[in-house]
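Peer 1: Have a look at the structure that comes next, please.
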Amino acid sequence: MPGQYELIEYHKSMLTDALKTVPAILLAFSIALLPGFAVLNWFKAFHKLDVVSRLCISAGVSVGLYVILFEACYEFGIKLGAFTPWAIVSISLASLIYRRQWWFEFRTEASGKANRLAYLMLIITFLVILVTRLWAVRGLVAGMWGDSVHHTLIVQLLLENQGLFNSWQPYIDVPKFTYHFGFHAITALYAWMRGTSAEFAVLMMGQVVNVCAVIGLYALVRLWSKTVWGGLFAVIAGGLISTMPYYYVIWGRYTQLAGQAALLAGLVLLSSYLAQGRSRDNRAYLLTLPTIIAGLVLAQYKVAALFAALAGSLVVYHCIAWYRTHRDLGNAVKASFGRAAIVGGIALLLFLPRGIYILQNEVGRTIGRQLAPEIIPSASPAETFDPIVVSRYGLTESRLWLWWLALGGIAIALIERRNALWFVGGLILCALVTNPRSFGINRGGVVDAFHLSISSYIAVAALSGLLFDAIVAALHTHQSAYKFVTALVCAALLWGGASNLPTPPSEAIFVTPADIQMMAWIKANVPSSDKILTRGFIYERTIPVGYDAGWWIPYYTQHHINLMPMAAAQELVGTVNRQREEFVATQQMYQQDMALPETTDRLAEQGFRYLYVGDKPLSGPILAPSDQIEKDGLLLEQLSHNPDVQLIQQVGEAKLFMFR
């Protein structure tokens, strides 16, 4: 059951006490990396990639496997449970021990002094990135911002249903579930393995997938680089210099991280598959690649659209490269588009059992609306990127130089490393699927500017790594200097990047220990049939959302409230949301005079007999209207003058009022 309140100190210590944190981290990485790594080492076809690259994309492979596992078990009525992750990890370990050629390969790859130094720097970089992510969530009792609310609820529902489900009940009355679930699947497995609650599992696995998405950049850059230093620089740039994806920690954008890990794994393996030509090794790719791609689509819909753009460019590049080598257009099309179509066809078959259900609901209707012709003015290319993300989280002056390095990487791709040109072309296609109007196409984008902007770290880091690799390769002739100069530069970037990452804003923290104690009291003392009002606002004119622990009440106590998890609300069309009692009650609370007993009587008749005020006050607008602080102040003042409103419990600044 959620909300194991006696674990407040446990939550705090698990992310601050190294002795207790290390086992939790090891279990999280074992469930994230070992299955994918075992698959990539079982088939000899994948040994064309170096061992470190295989390890770095293992999490993406694991995500694909887990998504298809959950989908298949749901379709065949098979229940998952605590035994599942232990069985998966045990089989993976046995496989790696049985086929331990990977260890001898790694020892050979690390035999040179330059490589040993680079791998040492990579390990240090990995640890620093992990520490920065865990440090950002130290002492938290639940994830930050609003996305963490529905992520935690989905994980809890997976645990309770022992797999996928088709209703958000008992937490909210929404009788369907079509949300992407890659991050939630891997997190539920971790919760079973660790024996922990959903909110802690989300906190821990959220940081682990953040690290895994970043280290996947290493394998991508190694497709084009001549040394291992380019991949290392890409990891440093993406993990410690770029604000993204570090800021995902604050937002709770964990589903995109799982999708991005699968995206990088899919691109690396697709490139390897197309590069080797037709052979018996194709069987390994035809088993693995479709699983990753189908898993990616179900793991994060918008990241899957970006993958389609990048993969399309990769296939076109290989078709052109094949034709330039063999001068046979028919065979070039078969070797590229034909083989890619086989992979795509198998992936489609894996996707369809759940995909049909998803497309028949609001997700399918949303895609249809986005692709419909629009009678609006053409958009400028600048509108392809979200201005808020670019100004506040992306193109800040302190990191603008990284974008200049990325431009240098494009120049290197054009002049010298032409096997990286498909990536540049893919980025153009990503801009197209985001903002077709800037290309003169009268259609809406499949991916919005916000999601492209917060994913741009992949492009910037990879291209910067390509430029850095070209510089290192040019210095390679000076054996006595280049290793130590390169290591010194990387060390400086590590220190500078880690010390300049932003501090999580206090307004992103919704739940405090005082709130947890209040949740325990509510669960024990408030009848389960009664509903609870809590502060919030109407987001995008349809969804009642919150900004303090009140939004978490359904998870911790299973009481219904006047707010909705955003993912649950998106299952419904906007007109339905505006007719729901949550929407109506939230409007009534702010539009009517709460000092009048008849106002609270009307709310009580609808079942809302309590009002909860979280421990954390609203300290800034965040996504709320600019006048929200004023509205909340007026609300509390009106409550104080209502003779039918009684304060019945308070811990810290967290308060529960009852309407008599």
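The values are calculated or read from the model by the stated rules, or taken from the named source; none is laboratory data. These numbers come from a predicted model, not from an experiment. Backbone-built Cβ (ideal geometry, glycine too); neighbour counts: all protein chains shown. These accessible areas exclude ligands, DNA and RNA; they are computed on the full protein's heavy atoms, side chains included. Shrake-Rupley method; radii C 1.70, N 1.55, O 1.52, S 1.80 Å.
Peer 1: Evaluate the Kirkwood expression for the hydrodynamic radius of the stretch 264-319, namely the inverse of the mean inverse distance over all pairs of different C-alpha atoms, and round to one decimal in Å.
Peer 2: 11.6 Å
Peer 1: Report the relative contact order of the chain, percent, no decimals, based on alpha-carbon pairs under 8 angstrom and at least 6 residues apart.
Peer 2: 16 percent
Peer 1: Send over a whole-number figure in Å² for the accessible area per residue of the chain, probe 1.4 Å.
Peer 2: Ligands and nucleic acids excluded, the figure is 39 Å² per residue.
Peer 1: Taking θ = phi - 60°, what integer Hz values does the Karplus form 6.51 cos²θ - 1.76 cosθ + 1.60 yield along the stretch 580-585, in sequence order, with x for Gly and Pro?
Peer 2: 6, 5, 4, 5, 5, 5
Peer 1: Using the Cα centre as the reference, give the magnitude of the dipole from point charges on the C-beta atoms of the chain (Lys, Arg: +1; Asp, Glu: -1; all else neutral), rounded to the nearest 20 debye.
Peer 2: Numbers: 48 positive and 41 negative charges, 631 e Å.
With only Lys, Arg, Asp and Glu charged at Cβ, the dipole is about 3020 debye.
Peer 1: Starting from the coordinates of the alpha-carbon atoms of the stretch 67-153, obtain the Kirkwood hydrodynamic radius over all distinct pairs and give the value in Å to one decimal.
Peer 2: Taking every pair of different Cα atoms in the stretch 67-153, averaging 1/r and inverting gives 17.7 Å.
Peer 1: Ok, one more. Can you give the Rg to Rh ratio of the stretch 154-286, both from alpha-carbon atoms, with Rh computed by the Kirkwood formula?
Peer 2: With Rh from the inverse mean 1/r over Cα pairs, Rg/Rh is 1.07.
Peer 1: Using a 1.4 angstrom probe with every protein chain in place, what is the largest-first accessible-area order of E105, E199?
Peer 2: Largest accessible area first, the list is E105, E199.
Peer 1: Right, something else. Using θ = phi - 60° and the Karplus curve 6.51 cos²θ - 1.76 cosθ + 1.60, what whole-Hz ³J(HN,Hα) does each residue of the stretch 154-165 get, with Gly and Pro shown as x?
Peer 2: After applying 6.51 cos²θ - 1.76 cosθ + 1.60, I find 5, 4, 4, 5, 4, 5, 5, 8, 6, x, 5, 9 Hz.
Peer 1: Rounded to the nearest 500, what is the chain's calculated 222 nm mean residue ellipticity when only DSSP H runs of at least 4 contribute -39500 (n - 2.57) each, over all residues?
Peer 2: On the way: 30 runs with 411 residues, N = 660.
Theoretical 222 nm ellipticity from helices: -20000 deg cm²/dmol.
Peer 1: Moving on. In sequence order, what are the phi-derived ³J(HN,Hα) couplings for the stretch 596-611 according to the Karplus relation 6.51 cos²θ - 1.76 cosθ + 1.60 with θ = phi - 60°, rounded to whole Hz, with x for glycine and proline?
Peer 2: Once θ is set to phi - 60°, the couplings for the stretch 596-611 become 8, x, 5, 5, 5, 5, 5, 5, 5, 5, 7, x, 8, 9, 9, 9 Hz.
Peer 1: So between L26 and Q169, what do we pick up on full extension, going 0.36 nm a residue minus the alpha carbon distance?
Peer 2: So the extension gain works out to 48.2 nm.
Peer 1: Here is a follow-up. Based on the Cβ-Cβ distance of N331 and A87, what FRET efficiency does E = 1/(1 + (r/R0)^6) give at R0 = 25 Å, to the nearest 0.05?
Peer 2: 0.05
Peer 1: Please find the FRET efficiency linking V573 to Q606, where r is the Cβ-Cβ separation and R0 is fixed at 22 Å, and quote it to the nearest 0.05.
Peer 2: Taking R0 as 22 Å, the efficiency between V573 and Q606 is 0.50.
Peer 1: Full-extension gain between N500 and L348, please, as 0.36 nm times their residue separation minus the C-alpha to C-alpha distance. List each step's numbers first, then the result.
Peer 2: Values: separation 152, 0.36 × 152 = 54.72 nm, distance 4.32 nm.
Contour length minus the Cα-Cα distance gives 50.4 nm.
Peer 1: For the stretch 531-641, just say rounded, prolate or oblate: build the C-alpha gyration tensor, square-root its eigenvalues into a ≥ b ≥ c, call rounded for a/c under 1.5, and beyond that prolate if a/b exceeds b/c, oblate if not.
Peer 2: Because its axes are fairly even, with a/c under 1.5, the stretch 531-641 counts as rounded.
Peer 1: Which of K176/K523; K176/K655; K44/K226 have a Cα-Cα distance over 28 Å?
Peer 2: Exceeds cut-off: K176/K655.
Peer 1: Any idea which of I88, F307, S336 is furthest toward the positive side of the dipole for the chain, if Lys and Arg beta-carbons carry +1 and Asp and Glu beta-carbons -1?
Peer 2: In the chain, that residue is S336.
Peer 1: If amide hydrogens are placed 1.01 Å from N in the peptide plane, which non-local residues have theirs closer than 5 Å to the one on I561?
Peer 2: Excluding prolines and chain starts, which carry no amide H, the hits are I532.
Peer 1: Dividing the convex hull volume of the alpha carbon atoms of the stretch 297-357 by its residue count, what do you get in Å³ per residue? Mind showing how you got there, number by number?
Peer 2: Working: hull volume 4.3 nm³, N = 61.
In the stretch 297-357, the Cα convex hull volume per residue is 70 Å³.
Peer 1: For L348, tell me the accessible area in Å² from a 1.4 Å probe, rounded to the nearest 10.
Peer 2: Solvent-accessible area, nearest 10 Å²: 90 Å².
Peer 1: Something else about it: Would you mind checking the tilt of helix 339-359 against the longest principal axis of the Cα atoms of the chain, expressed as 0 to 90 degrees and rounded to 10?
Peer 2: That works out to roughly 10 degrees.
Peer 1: Give the accessible area for R138 in Å² (nearest 10); use a 1.4 Å probe, count only protein heavy atoms, and leave out ligands, DNA and RNA.
Peer 2: Approximately 100 Å² of R138 is accessible to the 1.4 Å probe.
Peer 1: Give me the tail of P(r) for the stretch 594-660 as a percent: Cα-Cα pairs with distance above 19 Å.
Peer 2: That fraction is 37 percent.
Peer 1: If you count only protein heavy atoms and use a 1.4 Å probe, how large is the accessible surface of F104, to the nearest 10 Å²?
Peer 2: 110 Å²
Peer 1: Using only Cα atoms, tell me the angle between helix 18-42 and the longest principal axis of the chain; keep it within 0 to 90° and round to the nearest 10.
Peer 2: So the helix axis and the longest Cα principal axis differ by about 50 degrees.
Peer 1: Taking amide H positions as placed in the peptide plane 1.01 Å from N, state which residues far from Y539 in sequence (5 or more) or on other chains have amide H under 5 Å from it.
Peer 2: V545
Peer 1: Further question on the same structure: Could you tell me the center-to-center distance, by alpha carbons, between the stretch 240-303 and the stretch 51-73 in angstrom?
Peer 2: What the calculation gives is 9 Å, centre to centre.
Peer 1: Moving on. May I ask for the equivalent-ellipsoid semi-axes of the stretch 519-569, computed as the square root of five times each C-alpha gyration tensor eigenvalue and listed largest first in whole Å? Intermediate results must be reported in sequence, preceding the final value.
Peer 2: Values: eigenvalues 90, 18, 16 Å².
Ellipsoid semi-axes (Å, largest first): 21, 10, 9.
Peer 1: Given 0.36 nm per residue, what is the gain on full extension from I428 to I415 after removing their alpha carbon distance, in nm?
Peer 2: 2.8 nm
Peer 1: Moving on to the next point. Which loop GluC sites (Glu not before Pro) in the stretch 516-619, with loop taken from DSSP, have no more than 12 other Cβ atoms within 10 angstrom of their Cβ? Mind dumping the intermediate values first?
Peer 2: On the way: sites: E540, E571, E581, E582, E598, E605; in loops: E540, E571.
When the GluC sites (Glu not before Pro) of the stretch 516-619 are filtered for loop state and at most 12 Cβ neighbours within 10 Å, E540 remain.
Peer 1: From Cα pairs below 8 angstrom and at least 6 apart in sequence, can you work out the relative contact order of the stretch 122-256, rounded to a whole percent?
Peer 2: The value is 32 percent.
Peer 1: Compute the acute angle (0 to 90°) between the alpha-carbon long axis of helix 198-222 and the principal axis of greatest extent of the alpha-carbon atoms of the chain; round to the nearest 10°.
Peer 2: 20 degrees
Peer 1: Same structure again: Treat each spin label as a single point 7 Å out from the Cα along the C-beta direction, and report the L286 to V131 distance in nm.
Peer 2: Taking the two extended label points, one gets 4.9 nm.
Peer 1: Something else about it: Convex hull over the Cα atoms of the stretch 449-599, averaged projected area in nm²?
Peer 2: Numbers: hull surface 58.3 nm².
Its Cα hull, projected and averaged over all orientations, spans 14.6 nm².
Peer 1: Report the equivalent ellipsoid semi-axes for the chain in whole Å, largest first, defined as the square roots of five times the eigenvalues of the gyration tensor built from alpha carbon atoms.
Peer 2: Listed largest to smallest, the semi-axes of the chain are 44, 26, 25 Å.
Peer 1: Okay, moving on. Pairs of Cα atoms under 8 Å, at least six residues apart: use those to get the relative contact order of the stretch 483-614, whole percent.
Peer 2: For the stretch 483-614, the relative contact order is 28 percent.
Peer 1: What part of the accessible area of the chain, given as a whole %, is carbon or sulfur when the probe is 1.4 angstrom? Mind showing how you got there, number by number?
Peer 2: Numbers: 16420 of 25920 Å².
On the chain, the fraction of accessible area on carbon and sulfur atoms equals 63 percent.
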